[in-house]
Amino acid sequence: MKYLIWLVVLLAVVVWFQRAKKSMLAGSDAGDGAAADVPKPKASRFRRSADGNAETMVQCAHCGIHFPVSEAVVHASGAHYCSEEHRHLASF
């Protein structure tokens, strides 16, 4: 059992070193030229559409929750629902 714990710890350290090495290599590749002093934008936690703009949010017609339009279940009437269950419940 103790060998299994050491194996997991060793695996975690190896993965951590590989990721650190990968990020260092990516950082050195980007720093070649006049834009080296310009900070890179941080990764956004918001989903972007294909053209780079923020994705449109819609509201569920049944429960009122807001969610991205790409996750919407659309009824024949054009109403947006957050799930198939809510679309089905609204049909009654």
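The values are calculated or read from the model by the stated rules, or taken from the named source; none is laboratory data. If you're wondering where the values come from, they're calculated on a predicted model, not measured in any experiment. Glycine also receives a Cβ, built like all others from the backbone with ideal geometry; neighbour counts cover every protein chain displayed.
Things to note:
- Output for the range 60-92, where each listed residue is of a type in the set (S, T, N, Q), within 20 Å of the chain's Cα centre (by Cα) and not in a loop (DSSP other than H, G, I, E, B): 70
- For the residues 55, 84, the requirement of being modelled with pLDDT of 90 or more and on the phi < 0 side of the Ramachandran plot singles out 84.
- Test: residue in the range 20-31 that is modelled with pLDDT of 80 or more, charged (D, E, K, R), within 30 Å of residue 91 (Cα to Cα) and surrounded by 10 or more Cβ atoms within 10 Å (Cβ to Cβ): no
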